[in-house]
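Peer 1: If you scroll down you'll find the structure; I have some questions about it.
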Amino acid sequence: MTSDRSQNVEDLSSSQRVISSAPARDSILIFCDGACEPVNPGGTATYGYVIKFPGRQEPIEGSGIVGRGTGMSNNVAEYQGFYAAVSHLLETPDVSGRDVRIMSDSKMMINQLNENWKVKRGLYMPYYAKAARVLRVLRVKVQSVTLEWIPRERNAEADALSKRSFISDFLNHGRSGPLSPFRYGRVDHNSYDDVESSIQMGGMQNE
């Protein structure tokens, strides 16, 4: 779920050109999502992702907390979800030479990573940098990578995982709980350095 604020909003037709010719039938599919609740910005930023491999019945799922309060936003959560999902895929065996489709309902993130929209100042900047870096690594390792915007209703599984993280965090810590790095498996999806970087960018109003 995202409330992308327009920035350099270009002809929407350009956002529809993000779909490439990568074959869908045998592609690894990634669905990722992020949210910032109960307020945006300044709430608890969480993410969720689902990785589906052709021929496998059980997908890989992941979710986590980016942080709470100052420096958190929907866009921060969206980019961290992308980073977490791709990082997890890179540690998964047998991905070399495969086609990968990454899908999100964030038009801003998809168009920025596809270099259709410019990247401007905002709380999400450190997270954009991480996402762009891990995307470059993925492009080297696999056959092809497609970044695709999808409607929110097609991203329901990742959205539910993100919401589950928020509910779990609220029940465990409430609104005043301590901030701690979140780990999923062997991949560290968050660090104090990233959160501190976004906090240092405090006067910025963009998410």
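No lab work stands behind these numbers, since they all come straight from the coordinates. These figures come from a predicted structure and were not determined experimentally.
Peer 1: Through the Karplus equation 6.51 cos²θ - 1.76 cosθ + 1.60, θ set to phi - 60°, convert the phi angles of segment 120-134 into ³J(HN,Hα) values in whole Hz; use x for Gly and Pro.
Peer 2: Each residue of segment 120-134 in turn: 10, 5, x, 4, 7, 3, x, 7, 4, 4, 5, 5, 5, 5, 6 Hz.
Peer 1: Restricting to segment 26-196, what percent of DSSP beta bridges are antiparallel, rounded to 5?
Peer 2: 65
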